[in-house]
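The values are calculated or read from the model by the stated rules, or taken from the named source; none is laboratory data. What you are looking at is a predicted structure, and each value in this text was computed from that prediction instead of being measured. For neighbour counting, all protein chains shown are included, and Cβ atoms are generated from backbone atoms with ideal geometry for every residue, glycine included. Protein only, heavy atoms only, side chains kept; ligands, DNA and RNA dropped before computing areas. Shrake-Rupley method; radii C 1.70, N 1.55, O 1.52, S 1.80 Å.
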Amino acid sequence: MHQVAVILDFGGPAGRFIAEKVRECGVYCEVLPHDVPGKTVTEKKPKAIILAGGQTGAGPALFCAPEIFDCGVPILGVSCPCAAEEDSKKKIFVMRYLPEGDHADSGMRELKSFLFDISGLSRCWDMAEYVERTIEELKEKIGDKTALCALSGGVDSAVAAVMAHRAIGDGLTCIFVDHGLLRKNEADDVMRTLSEKFRMKIIKTDARERFLSKLAGVCQPEKKRKIVGEEFIRVFEEEAEKAGGAEFLIQGTIYPDIIESGSGNSDVIKSHHNVGGLPDTMSFSEIIEPLRPLFKNEVRKAGIVLGLDEETVRRQPFPGPGLAVRVVGEVTEEKLAIVREADAVFREEIIKAGLHGEINQYFAALTDMRSVGVTGDSRTYDRAIALRAVTTSDFMTADFARIPYEVLERVSQRIVNEVKQVNRVFYDVTPKPPATIELE
Ligand code: XMP
């Protein structure tokens with residue numbers, strides 16, 4: 001068992017941010033809501049406790065269980081008014097700022113001093129060791145039974161699949177679902193790359209029609225996500241049956257999926273299709289998530305440890321519900337065709353401009369507005385595309401990318417010229433928070 005630090009999350013991005021920094025220091029940590037029962041914390045036998053966040057609207061009402069202060073474990077408060085208030089009465093170490101920007105170096109020094117000198121933790125969180133241990137656990141758990149792994153082409157599912165393949169070899173069947181919500185040429189590209197790179201059994205299934213008919217008439221983002229989540233499982237079940245049955249389903253769920261889908265009593269921001277979007281009943285006896293405790297940058301490290309190629313490891317994220325969350329409102333074939341074309345233009349121009357290495361995620365989305373325009377002598381009343389491009393280290397906070405105007409100009413010109421039914425292009429200049437990266 002690892003030595004563990006527990007982070008009690010008082011809201012805002014500080015908890016997750018500090019969790020990533022603690023992991024970077026080589027210490028395993030878990031984020032829990034600030035008001036979990038004291039027992040939940042003490043049972044984990046933490047060697048350090050960190051109270052984090054809550055700058056916005058937090059106050060004395062937000063408090064944690066008294067056992068936490070009495071269990072003799074060193075406590076650090078980071079950007080936490082609760083910690084500042086309690087500082088005088090209870091012994092809490094306080095860090096005023098997060099280790100970022102001007103405070104990055106001194107912040108990391110303070111954090112390390114708390115973890116190693118004050119709490120006596122040691123560096124034992126190591127990706128190579130995690131990968132080895134997880135493969136062994138998968139071997140033990142699955143044994144000679146069979147498992148199905150959902151591949152999306154993204155780094156998370158690729159890493160999960162390769163781990164499972166190392167563990168059980170041919171007992172694993174991988175499945176790639178074309179749900180009709182993919183980007184231009186994506187199904188073919190992904191299948192080509194996957195079958196070239198991995199020598200695993202990979203089945204592609206065409207489920208375009210069934211996803212689209214389930215989504216017909218649905219406008220609410222959460223409803224759309226739940227429908228996609230459920231339909232994925234139904235397709236997996238059917239494919240498992242065709243492959244002669246599979247006991248386990250392996251998913252590339254990662255830690256931020258769980259946090260963002262609302263763990264404990266924190267707000268549900270979005271039900272990630274593979275967490276909050278799952279149906280209550282399914283035919284698999286268990287879902288196995290070998291990447292569950294990992295942050296995205298840790299998954300990439302695990303990918304490197306496993307020998308995955310640079311392209312897969314660096315691939316920008318694409319959400320499971322795909323273009324369904326990039327078409328605001330009801331999803332139709334017609335709207336998907338528009339967003340697909342606009343997105344292809346945007347991605348092509350970003351790559352041409354050599355900006356793809358600097359921008360962590362970029363895509364086009366279709367808004368639900370129509371507006372008046374003019375082409376030649378004629379009035380148009382057409383749709384508006386929103387371009388989104390962000391820089392981020394963890395996808396939990398993000399800034400909009402400073403794309404040069406000339407590039408935006410070229411993209412906008414090409415989209416209005418080449419994509420039918422679009423007469424306006426917006427560039428989204430909101431950071432996350434308060435916006436999220438995807439529009440839905
Ligand atoms: P948001 O929009 O919440 O997205 O700022 C954060 C990151 O997560 C991706 N995302 C998802 N990934 N299933 C996924 O696998 C989902 O349901 C999902 N929703 C958002 C998003 O693309 C971004 O990288």
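Overview of results
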quantity: Residue within the range 399-412 that is without any contact (Cβ under 8 Å) to a residue 12 or more places away in the chain, over 21 Å from Pro13 (Cα atoms) and under 30 Å from the mean Cα position of the chain (by Cα) present; calculated: yes
quantity: Residue ID - nearest to Asn297 (Cα to Cα), chosen from residues in the range 382-407 that are at pLDDT 95 or above and open to solvent by 30 Å² or more (accessible area, probe 1.4 Å); calculated: Thr391
quantity: Of all residues making up the range 170-197, the number that are open to solvent by 20 Å² or more (accessible area, probe 1.4 Å) and either in a helix (DSSP H, G or I) or of a type outside the set (D, E, K, R) (or both); calculated: 10
quantity: The range 276-322, residues that are within 16 Å of the ligand (Cβ to nearest atom) and among the acidic types (Asp, Glu); calculated: Glu289, Glu298
quantity: Inter-residue pairs, beta-carbon under 6 Å, first assigned to a loop (DSSP other than H, G, I, E, B) and in the range 300-321, second away from the ligand (no atom under 16 Å from the Cβ) and aliphatic (A, V, I, L, M), 6+ apart; calculated: Leu306/Val162
quantity: Residue within the range 367-381 that is surrounded by 15 or more Cβ atoms within 10 Å (Cβ to Cβ), over 30 Å from Arg300 (Cβ atoms) and within 16 Å of the ligand (Cβ to nearest atom) present; calculated: yes
quantity: Qualifying residue in the range 337-349 (condition: within 21 Å of the chain's Cα centre (by Cα), open to solvent by less than 50 Å² (accessible area, probe 1.4 Å) and at pLDDT 95 or above); calculated: yes
quantity: Flag for Lys89 being touching a residue at least 12 places away in the same chain (Cβ under 8 Å), among the charged types (D, E, K, R) and either away from the ligand (no atom under 16 Å from the Cβ) or assigned to a helix (DSSP H, G or I) (or both); calculated: no
quantity: Options Ile258, Ile250; residue that is buried (at least 21 other Cβ atoms within 10 Å of the Cβ) and either within 17 Å of the chain's Cα centre (by Cα) or modelled with pLDDT of 90 or more (or both); calculated: Ile250
quantity: Failed item in (1) under 27 Å from Leu8 (Cα atoms); (2) more than 11 Å from the ligand (Cβ to nearest atom); (3) of a type outside the set (Asp, Glu), with Gly252 passing the rest; calculated: (2)
quantity: Some residue of the range 326-334 being assigned to a loop (DSSP other than H, G, I, E, B), of a type in the set (D, E, K, R) and open to solvent by less than 10 Å² (accessible area, probe 1.4 Å); calculated: yes
quantity: Residue in the range 414-429 that is open to solvent by 50 Å² or more (accessible area, probe 1.4 Å), within 28 Å of the chain's Cα centre (by Cα) and within 16 Å of the ligand (Cβ to nearest atom) present; calculated: yes
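Conditions (1) part of a helix (DSSP H, G or I); (2) of a type outside the set (A, V, I, L, M, F, W, C); (3) at negative phi, marked per residue:
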{"residue": "Glu129", "(1), (2), (3)": "yes, yes, yes"}
{"residue": "Ile135", "(1), (2), (3)": "yes, no, yes"}
{"residue": "Leu138", "(1), (2), (3)": "yes, no, yes"}
{"residue": "Asp144", "(1), (2), (3)": "no, yes, yes"}
